[in-house]
Amino acid sequence: MNTIFDNSRYIVVLCLNTTSINKKEIIMNNVYLPLEIKVKYWDLSMPRLEINPKGDWIDLRVVDIANKSRSLTKNNVGEEGWFLATGDFLLLDLGVSIELPEGFEAVIVPRSSTFKRWGFIQANHYGVIDNSYKGDNDKWLMPILCFRSTFLPKYARVCQFRIQRTMRSQWNIKLVEVESLNNPDRNGFGSTGVK
């Protein structure tokens, strides 16, 4: 194998003795190629997506409340946003529709500071978006549950996503029904102790 292209973002490796390159082979052999991800922005004023320079995640921002249970207003310092109440279940509109490459999916999770700053959690805790959710009107949303009253500023970075290979792009999985797994039991949840 010879490296034919190398910089801080991509490393492309040429496999010798190969006349045709199979896309699945490239992915499985950890050869990194640039991936094009098409992004449709619903709010032309919103900051554009970018990979966090300190990590591998891409921050997402709230641009609206999708289920329209709150109106855009201003807080006491003139910042635009929404007042949220304890117990609210809301769908945060993240302002984008995205086409993921074939064989990839996105996972959305809250940023580490989201609960501390605004007192809400992602209601489904871990959002998965597969690459078939790619239509013009397939907006990305974040379902939240509020544990305290708060003010959420417009364009606040509330969650983050990364893309990863799908299960089917990596393995040919076969589910096999059996009567017994023939393994010792570990004794259920919490069986490894607390310390």
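The values are calculated or read from the model by the stated rules, or taken from the named source; none is laboratory data. Computed from a prediction, not measured in an experiment: that's the story for all the values here. Every residue, glycine as well, gets a Cβ built from its backbone with ideal geometry; the counts of neighbours run over all protein chains shown.
Quick rundown of the values:
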read-out	value
Subset of the stretch 66-86 [more than 20 Å from LYS139 (Cβ to Cβ), touching a residue at least 24 places away in the same chain (Cβ under 8 Å) and hydrophobic (A, V, I, L, M, F, W, C)]	PHE83, ALA85
Residues satisfying the stated conditions in the stretch 67-105, i.e. surrounded by 12 or more Cβ atoms within 10 Å (Cβ to Cβ), among the hydrophobic types (A, V, I, L, M, F, W, C) and part of a loop (DSSP other than H, G, I, E, B)	ALA85, LEU94, LEU100
Index of the failed condition, THR150 passing every other in (1) among the hydroxyl-bearing types (Ser, Thr, Tyr); (2) surrounded by 16 or more Cβ atoms within 10 Å (Cβ to Cβ); (3) under 22 Å from the mean Cα position of the chain (by Cα)	(3)
Residues located in the stretch 34-46, provided they are assigned to a loop (DSSP other than H, G, I, E, B) and surrounded by fewer than 13 Cβ atoms within 10 Å (Cβ to Cβ)	PRO34, LEU35, GLU36, LEU44, SER45
Sole exception among (1) surrounded by 13 or more Cβ atoms within 10 Å (Cβ to Cβ); (2) at pLDDT below 55 for TRP57, by number	(2)
Failed criterion for VAL109 (all others in (1) touching a residue at least 60 places away in the same chain (Cβ under 8 Å); (2) among the aliphatic types (A, V, I, L, M); (3) farther than 21 Å from TYR41 by Cβ hold)	(1)
Qualifying strands (runs of 3 or more DSSP E) (wholly inside the stretch 112-195; at least 2 residues being touching a Phe, Trp or Tyr at 6+ places or on another chain (Cβ under 9 Å) and within 27 Å of THR73 (Cβ to Cβ))	120-122, 141-146, 150-153, 157-165
Matching residues, the stretch 47-66, being assigned to a strand (DSSP E or B) and more than 11 Å from VAL96 (Cβ to Cβ)	ILE51, ASP59, ASP64, ILE65
So ILE121, is it over 25 Å from VAL39 (Cβ atoms), assigned by TED's automatic domain parsing to the domain that holds SER97 and touching a helix residue (DSSP H, G or I) at 6+ places or on another chain (Cβ under 9 Å)	yes
